Amino acid sequence: MRARRENLFHLIEPFLSRVEHPSRYLDHEWGACEEQEGPFHLCMVYADVYEVGQPNLGVAILYNAVNAQPDMSCERCYLPWRDMAALMRERGVPLLSLEGSAPLASFDAIGFTLAHELIATNVLETLDLAGIALTSAERDEDDPIILAGGPSAWNCEPLAPALDAVLLGDGEESIVEACACIRDARAQGVPRAEVLRRLARVPGTYVPSLYDVAVDDTTTRWGRAVPRAGEDVPEVVRKRCLQDFAGTPAIAQRIVPYMGIVQDRLSLEVLRGCARGCRFCQAGMTYRPVRERPAEQVVSCGVEGLLASGQNEISLTSLSTTDHSQCEEILVGMNEELAGRGIRVSIPSQRLDSFGVDMAAAVAGGKRGGLTFAPEAGSQRLRDVINKNVTEDDLERAARNAFAQGWRRMKLYFMIGLPTETDEDVVGIARMAERVLEIGREVVGRGPKSGVSVSISVAVLVPKAYTPFQWVGQLDPDEVRRRQQLLLHEVRDRAIRVSYHDADVSLVEGALSKMGRAGFPLVRRAWELGCSFDAWTSEFRFDLWERAALECGLDLADVACEEFPLSAALPWDHTSPGVAKGYLQREWLRAVEGVTTPDCTRESCTGCGVCPALGVGNVIQGVRS
């Protein structure tokens, strides 16, 4: 029997004086939806602490979409930190929603955002704290339907047994349709199994329990999900794609938090999708096509959102904001509207080849913090392999423009472990950072008072599903560490700071990215041993992941570093973002040859297959130069 929906805040209130950051658990923030009558109740969960999950744009979009419906309500939930979780387990208090302090088990449906692979153990921790069975097969008739979506849904197989349904692609419409399907089925009293069958008929919805895993000589060792005998479900579930992006609300984040959060600013999604075609980038393939908001909408909604929220910074977010055909117009308009108010307009990362003098002036506005660029590789040869389509001249010009416009701190993102990478490419990262630093000193002046500094952040390539690199093996962790040390040795100037990702964390992420459904026992055993908050450096326990893998008969390095044949059926081939597999295979072959592929929003169609497969197209407001 489903738990009663009642406000149980009084059960956790005594804990607030005993836990770190009690404001994580307080409701009634400014801008939250107070009317939670239903009759259908969804709880959106970001399975990490409040300050990490609260700014998530995906959760905000779906929260607003459901609450806009007259007969549905949506609340939020974030994973309690270890101190609160221990007290809740000790006193037998279930996990509660934020707005109404209702038990999660009392909701009709729960929606998880799979923001990254390392969130997997947190999903199990959330279900356990809520008193909900960890797998779909173990759940009772009255248990909530467990939904999931988000960036890491493209290989959800290692978590699939825990999920009732996965919504692929843009969620604004599909979340409402899925909730309506559950509501109507429950109202008719149909069994849980039939509810899931009906969900599978909602376009873009993958129901794992209706698929078996077939392993044969055409697959990798992880097999491929195929429709279960007798089930009327598609062999390939294609994503949902919102064509009228400009018709959606520009400002999704309307809730003002009580505490400092990781991205404490107003976010405005100015465009969705990217056609640059970077071969390592999963988002660039899975969010296609490109859809821009008109400049006037961005400016007017941005100013309105700032006045309503009281924020002093607005971030114009997307996969590549400076690619917006009206980016300069947006920045100039925003700066004019906000002049004299002490508000900063920021862009998460700038494209090197679009950051000219005019763009530098437009981005600057009234305040200048640090500026971020992503060359990704230390040599032109390797940038061609990954199809970055930027040159050292682009970097030097962008750096000179930035320093001339008043910036003093510059951050550069790179990766190691890219296919065909050599030591020379790694050393090239250090040389590039030194060149940017030298440009800063030429423009600004030398000496400590100039304030010129460069920082470089180096990630490890984790090959992801639906990219041209999905077939390659990840770099062995010992070799990762050797190349990291080589880079550190080559950086000789103290004004250059180097940070890099932990090789063991990247290894676990890589293993979870490669595995099929047979990887679920590993995730479950790691959680049972105490793994959670794996994305937190202070909480990650590689020893426990190694132990879990050993007990499951797996070797993490063997899994992550495995190469897949180009002809093999892959563990995620039963889902599709619309990008043709043949296109990805061609892109891999072009990568090996060092041949680049142009951006279809600037040149002709490159044949990725998204537009004809999904019946959509790029929506460009102006002309992309």
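With the calculation restricted to Cα positions, what are the radius of gyration and Dmax of region 570-625 in angstrom?
13.3, 40
Find the accessible area per residue for the chain; the probe is 1.4 Å, ligands and nucleic acids are left out, and the unit is Å². It would help to have the intermediate numbers written out before the result.
Numbers: 23960 Å² over 625 residues.
Roughly 38 Å² per residue, with all protein chains present.
Give me D for region 403-480 in µm² s⁻¹, whole number, from Stokes-Einstein with Rh from the Kirkwood sum over alpha-carbon pairs, 10 °C and 1.306 mPa s. Display every interim value, and only then the final one.
Values: Rh = 14.6 Å.
D = 109 µm²/s.
So what's the convex hull volume per residue for the Cα atoms of region 480-594, in Å³? The partial results should precede the final answer.
Details: hull volume 20.1 nm³, N = 115.
It is 175 Å³ per residue.
Scan region 411-451 for trypsin sites (Lys or Arg not before Pro) in coil per DSSP, keeping those whose Cβ has at most 14 other Cβ atoms within 10 Å, and list them by number.
Working: sites: 411, 431, 435, 441, 446, 449; in loops: 446.
Answer in residue order: 446.
Counting other Cβ atoms within 10 Å, keep those with at most 15, restrict to DSSP loop, and tell me which trypsin sites (Lys or Arg not before Pro) in region 534-625 are left. Each step should come with its number before you reach the end.
Numbers: sites: 541, 547, 581, 586, 590, 602, 624; in loops: 541, 602, 624.
Loop-located and lightly packed - 602.
When the Kirkwood hydrodynamic radius is evaluated over all pairs of different C-alpha atoms of region 239-365, what value in angstrom, to one decimal, is obtained?
Working: mean 1/r = 0.0655 Å⁻¹.
It is 15.3 Å.
Out of region 208-263, which trypsin sites (Lys or Arg not before Pro) are coil in DSSP terms and have no more than 15 other C-beta atoms within 10 Å?
221, 228
Assuming 0.36 nm per residue, please report the length gained on full extension of the stretch residue 528 to residue 595 beyond their Cα-Cα distance. Kindly include the intermediate steps, with their values, before the conclusion.
Values: separation 67, 0.36 × 67 = 24.12 nm, distance 4.65 nm.
My answer for the length gained is 19.5 nm.
Using alpha carbon centroids, what distance separates region 384-410 and region 270-290, in Å?
With region 384-410 and region 270-290 each reduced to a Cα centre, they are spaced 21 Å.
For region 307-455, restrict the atom set to alpha-carbon positions and state the Rg and Dmax in Å.
16.3, 52
Using only the Cα atoms of region 423-543, construct the convex hull and provide its projected area averaged over every direction, in square nanometres to one decimal.
Values: hull surface 40.3 nm².
Averaged projected area of region 423-543's Cα convex hull equals 10.1 nm².
Placing one identical point scatterer on every Cα of region 531-574 and ignoring solvent, what is log10 I(q)/I(0) from the Debye formula at q = 0.28 Å⁻¹?
Reported log10 I(q)/I(0), two decimals: -0.97.
In the chain, how many lysine pairs have Cα atoms under 25 Å apart, counting only pairs 8 or more places apart or on different chains?
The number of close lysine pairs in the chain is 14.
Throw me the Rg/Rh for region 62-105, computed over C-alpha atoms with Kirkwood Rh, two decimals.
Details: Rg = 13.1 Å, Rh = 11.8 Å.
Taking Rg over the Kirkwood Rh, I get 1.11.
Once you treat every alpha carbon in region 1-66 as an equal point and sum by Debye, what is log10 I(q)/I(0) at q = 0.19 Å⁻¹?
Values returned for q = 0.19 Å⁻¹ are -1.02.
On the accessible surface of region 188-243, probed at 1.4 Å, how many percent belong to carbon and sulfur atoms? The partial results should precede the final answer.
Values: 1340 of 2760 Å².
Carbon and sulfur together cover 48 percent of it.
Helix-only mean residue ellipticity at 222 nm, the chain, DSSP H runs n ≥ 4 weighted -39,500 (n - 2.57), per residue, nearest 500. What is it?
Roughly -10000 deg cm²/dmol at 222 nm, from the helical runs in the chain.
Cα centroids of region 422-443 and region 82-161: how far apart, whole angstrom?
Measuring centre to centre over Cα atoms gives 46 Å.
Roughly speaking, what % of Cα-Cα pairs in region 72-194 are separated by over 21 Å, rounded to a whole number?
Working: 3009 of 7503 pairs.
Within region 72-194, distances greater than 21 Å cover 40 percent of Cα pairs.
In square nanometres, what is the average projected area of the Cα convex hull of the chain?
The Cα convex hull of the chain, projected and averaged over all directions, gives 27.1 nm².
Taking GluC sites (Glu not before Pro) as exposed when DSSP calls them loop (any state but H, G, I, E, B) and at most 15 other Cβ atoms lie within 10 Å, what is the longest stretch of the chain free of them, the sites themselves excluded?
On the way: sites that count: 6, 20, 34, 35, 37, 141, 231, 235, 539, 563, 603.
Result, exposed sites excluded: 236-538.
Based on alpha-carbon atoms only, what is the radius of gyration of region 362-422 relative to the globular estimate 2.2 N^0.38 Å?
Details: Rg = 13.4 Å, N = 61, 2.2 N^0.38 = 10.5 Å.
Normalised Cα radius of gyration, region 362-422: 1.28.
The values are calculated or read from the model by the stated rules, or taken from the named source; none is laboratory data. For clarity, every value in this text was computed on a predicted model and none was experimentally measured. Every residue, glycine among them, receives a Cβ derived from its backbone with ideal geometry; neighbour counts consider all protein chains shown. Surface accessibility is based on the protein's heavy atoms, side chains included, excluding ligands, DNA and RNA. Shrake-Rupley method; radii C 1.70, N 1.55, O 1.52, S 1.80 Å.
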